[in-house]
Amino acid sequence: MNLIDILLLPFVFIYRGFMSILLIPYYIVSGIMKKNDTKNKQGISQNISSSNKKATIPEIKKGEKIKVVKGVRSAYDTPKTPQVETDPEKLKKERQENIKKRQKYFDKMVKKARQEELKRIEEQEKLRIENEKREKERKQRELEKQKKEDAIEAERDKKEEALKAKGEPVTFSDKLKRFYKKLTYNPKEEVELEAKKAVLDEQFKDKDSKTASRLAKPILFQYIARNSKGELEKSTIEALSRVDVHSFLLAEGYEVYEITAAKPKRDIITYKMKKSKLIFYLSQLSAYLKSGIALAEAVKILEEQTKKGNDKNVWKAVYYDLSMGDVLSVAMEKRKDTFPKLLINMIKTAEMTGNLTETLDDMVEYYSESETNRKQMKSALTYPIVILVFAIIVVVYILLFTIPSFAGIYNEMDAELPAITKFILNASDFLQANVYIILFIIIAICAVFIYAFKNSRTFRKNVQELTMHIPVFGDIIIYNEITIFAKTFANLINHNIFITDSMEVLSKITNNEVYKKLIYETAKNLNKGDSISKAFKDHWAFPIIAYQMLLTGEKTGRLGPMMERVSDYYQEQHRAIINQMKALIEPIIIVFLAVIVGGILLAVIIPMFGMYTSMQQ
């Protein structure tokens, strides 16, 4: 029982006790009236006893007939109470009437459920048509966008070529759930659910009917069903048709009452799974498979262990696809960007070779190392960025709130100011007068920069080239990209994935346009029949050591092991340069702050000394 159920529990008590609360005034009034009656009776009896102490004999009215009872009875006999005779025929009729009433209500609910079912079928058909239309429009937009980008890329290539010539105990929450169910139990709801279940069973007897039509792509369906524990479950599942959902839930031991397509806004589960969670799931899956558990059951265990959220829905969808006969790589590929392309290709190859557990272990190691590299990059960049932001805040504060007070003193003393002081005062006046405009311009520039970086390939490439030419910082980016490229390439080759497929995967694991272009050139060279190393020769973003090892591996036929050596070498270089930068960044930032803040202080203090010497004279 979650927090919301506990919070709603008082309202259930209020709902159940509403009629009792309404009847409280009636109970109070009736109690007062009874009390008054008893008091009146006591008063009358007291008056009669006080006035007439002698007992009075009731008189017989005139003309009243006297019934003569023959026979002698004893005062000590047990009194005979008249027994109410029960008529079996009457009870039988009452039962039959109750059964007829219940059957009538059941038929009514069946009719209503059928009408609702027809509406759902119409909605699903509309949804299918709408989804197909949206999918066609999306593909058309992507195709047009790709054509434009290809045209721009081809034109750029032409220009460059011309210049040269990518089992659990019962908990307290369970008890509360049971208590809540008892309070909220409604027999009519049970009949309605049974009617819906009857309609669904009747509807899905023939799987070749119109309702069994499959959609163009998987969508989310909402369902209401009772699980094997007897709990009424309302959740979502991803499928191609309602028939598939019904069959899957029945196979899992559910009693299905309702299946509806989700709203058009809700689409197939698409989100990017975090690397830290992916590492945990892959290691768990590998452990389950090694212990002899079947793949589908292992995925089901993952789904049960995962808390509510996107991860749970993803593993539920993967388990559904596995139950429907898909392999793991296909089930993961249907989730679009949730699982990395590299992982899907590796699993696809492992399914052909039969070494899935080894591949999962390799992927765990690979993603663990890449996550470590990412954290190192993040830690290396966090410190200087935080210090830089802090320095900017301090300088702006001094210019806005400290310098203006000194400006008033200088004006009163009519002192001669040096050029640096005049510059600081003018900067302070300008900042005070235009602070909101400057802030708006900075926000607008950042927004435009982020938008252009995300949506313009040319702009992104130029920015990345510029940052990669910055001393030290550029080397960090290059070493990190070479490490990821070499490690991924080695994994792909060692798992017998084709070179052309490897190039496609490599182009998708990096966001750096420089390396995407290098991979694109390599793919073009492979199609022409040229070597892999040709595109990397004499390229400023690919170090000479990496090129020589790539060339050696290509010539000797040991490209995988050579790429592993390249990855290990540049990973060590990356760690070393990050440690060096951490050691050097602190004194550089201290000097930078000293120059900026010290310059402002000197600009303020120098006129003070001039004023003091003039006063002494």
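The values are calculated or read from the model by the stated rules, or taken from the named source; none is laboratory data. The structure displayed is predicted, hence computed values, not measured ones. Methodologically, a virtual Cβ is constructed for each residue, glycine included, from the backbone with ideal geometry; neighbour enumeration extends over all protein chains shown. Keep in mind that these areas ignore ligands, DNA and RNA; they rest on the heavy atoms of the full protein, side chains included. Shrake-Rupley method; radii C 1.70, N 1.55, O 1.52, S 1.80 Å.
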* Structure fact -> Condition set part of a loop (DSSP other than H, G, I, E, B) and of a type in the set (A, V, I, L, M, F, W, C), scope region 250-274, selection modelled with the lowest pLDDT: answer is ILE268
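Residue check: is LYS487 among the basic types (Lys, Arg), under 27 Å from MET377 (Cα atoms) and in a helix (DSSP H, G or I)?
It is true that LYS487 is among the basic types (Lys, Arg), under 27 Å from MET377 (Cα atoms) and in a helix (DSSP H, G or I).
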* To do: Note down all Cβ pairs under 8 Å where the first residue falls in region 556-583 and is under 22 Å from SER379 (Cβ atoms), the second is open to solvent by less than 20 Å² (accessible area, probe 1.4 Å) and not aliphatic (A, V, I, L, M), and they're at least six residues apart or on different chains.
  => SER567/THR483; TYR570/THR483; GLN571/ASN373; GLN571/THR483; HIS574/ASN373; HIS574/THR483
* Asked: Quick one: would you say ILE606 is modelled with pLDDT under 80 and either within 30 Å of VAL394 (Cβ to Cβ) or surrounded by fewer than 19 Cβ atoms within 10 Å (Cβ to Cβ) (or both)?
  -> yes
* Asked: Among the numbered criteria (1) open to solvent by less than 60 Å² (accessible area, probe 1.4 Å); (2) more than 14 Å from PHE489 (Cα to Cα), which single criterion is violated by GLU554?
  -> (2)
* Among residues belonging to region 312-366 that are of a type in the set (S, T, N, Q) and within 14 Å of ALA298 (Cβ to Cβ), point out the one that is surrounded by the most Cβ atoms within 10 Å (Cβ to Cβ). => SER323
